[in-house]
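The values are calculated or read from the model by the stated rules, or taken from the named source; none is laboratory data. If you're wondering where the values come from, they're calculated on a predicted model, not measured in any experiment. A quick note on method: Cβ atoms are made from the backbone with ideal geometry, for glycine too, and the neighbour counts reach across all protein chains shown.
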Amino acid sequence: MKIDFHNHFYPSEYLKKLEQWGRRYEFTHDATGLKIVKEKGARYLGITPQMEDPEKRIGDMDRLGLDVQVLTLSTPNVYFSTRKRNLYLARLANDYFAGLCQKYPKRFIAFASVPLGHPEDALSELHRCAKDLGMKGVVLGTNIDGKHLHVKEFWPFYEEVDRLGLPIFLHPMVPVHPETMAEWPLVPLVGFVMDTTLTVSKMIYSGLFEKYPDLTLILPHMGGTIPFLYERINNGYRAFPDCRENIPKLPGEYLKKFYYDTVSLHKPALMCGYHTFGADRMVLGSDYPHVIGDMGKSISTIEELDIPREDKEKIFGENGKKILKL
């Protein structure tokens, strides 16, 4: 069985609302890193026909032998300056995803988007999605209006996610200071993976996973740069007292409890993650159908790894079945 944890869908009504409210985005050099340019917005969002058409994506899944996709809303998700609109977009997207899962129950599973900028709204929507819509997890951006995910105002939300036993999938957002990445589309290519690395490091050093040790975290893009910085992050704990204030053990002890998706498509990078965390902590991801995603290569790259078949099956779907309680 093959379960893809990292792929995206934009409901058409969600995109229409972004356009209606002036929210077609292009990465640029201004203070927010986002600029309204309708004719170029689709290019930077990476929208393809499969992004809005379930039949086309099921055709691709069948052609490449993929059984299940875990659907999530991609950037910019539901993190804007207007509270009412954030909740409206979350409900719109979540209702649509739930409908897709009801129509194609053997092909799609959905994670809920929540307006975490207002934690009380996020809690309300979390309960609705888990209890009424049957959604199997939550997707969070790596920063919420510039706030990384370690800040204490978000902790009551994590407490409830922990109580419900739901996994959290992280997805990168535009970094807080993207102006240095404006010359080329370096925000999605480089900035995204760095924001993942930064927010996860802060979450660990803050003591979040000491407080809630059973939280299930799924990290995108092989954890950003975490497998490569693994011992450096540990050395920070050894060298700097500040890094030991909130946690009693090495950061690696927490990092080894997370899951890492395979959206790297580079065999040496995947082997670094494999040697660092093991096959038990890796899940299939493709970033489909973004223009830089590749469902076919996500599968063939794992097939080509020089690892036991049993480990490949764990990555393809066995770990995923445990996370999703299938």
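Of note:
- Lone unmet requirement of (1) part of a helix (DSSP H, G or I); (2) closer than 21 Å to F5 by Cα for N235: (2)
- Test: L270 is touching a Ser or Thr at 6+ places or on another chain (Cβ under 6 Å), free of Cβ contacts under 8 Å to residues at least 60 places away in the same chain and surrounded by 18 or more Cβ atoms within 10 Å (Cβ to Cβ): yes
- K249 vs. criteria of a type outside the set (D, E), in a loop (DSSP other than H, G, I, E, B), surrounded by fewer than 19 Cβ atoms within 10 Å (Cβ to Cβ) and out of contact with any Cys (no Cβ under 7 Å at 6 or more places or on another chain): yes
- Residue count for region 144-167, restricted to those that are surrounded by 19 or more Cβ atoms within 10 Å (Cβ to Cβ) and either closer than 23 Å to H221 by Cα or β-branched (V, I, T) (or both): 8
- Test: residue in region 238-253 that is modelled with pLDDT of 95 or more, in contact with an Asp or Glu (Cβ under 9 Å, 6 or more places away or on another chain) and within 29 Å of E313 (Cα to Cα): yes
- Exactly one residue out of Y230, Y237, Y212 is exposed (fewer than 15 other Cβ atoms within 10 Å of the Cβ) and hydroxyl-bearing (S, T, Y): that is Y212.
- Wholly within region 1-75, helices (runs of 4 or more DSSP H) carrying at least 3 residues that are at pLDDT 85 or above: 12-20, 54-64
- Only one entry of V138, V200, V174 meets the criterion of being touching a helix residue (DSSP H, G or I) at 6+ places or on another chain (Cβ under 7 Å) and modelled with pLDDT under 95, and that entry is V174.
- Taking region 83-106 as the range and being in contact (Cβ under 8 Å) with a residue 40 or more places away in the chain, farther than 13 Å from H8 by Cβ and not aromatic (F, W, Y) as the test, the residues that pass are R85, L89, L92, N94, K103.
- T199 meets each of the listed conditions (1) assigned to a helix (DSSP H, G or I); (2) surrounded by fewer than 19 Cβ atoms within 10 Å (Cβ to Cβ); (3) of a type outside the set (F, W, Y) apart from (2).
Yes or no, residue by residue, for (1) crowded, with 19+ Cβ neighbours inside 10 Å; (2) at pLDDT 95 or above; (3) more than 20 Å from the chain's Cα centre (by Cα); (4) not small (G, A, S):
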| site | (1), (2), (3), (4) |
| --- | --- |
| D294 | no, no, no, yes |
| S298 | yes, yes, no, no |
| L305 | no, yes, yes, yes |
| P308 | no, yes, yes, yes |
| E313 | no, yes, yes, yes |
| G317 | yes, yes, no, no |
| G320 | yes, yes, no, no |
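- Within region 193-209, being within 16 Å of F228 (Cα to Cα) and of a type outside the set (S, T, N, Q) holds for V193, M194, D195, L198, V200.
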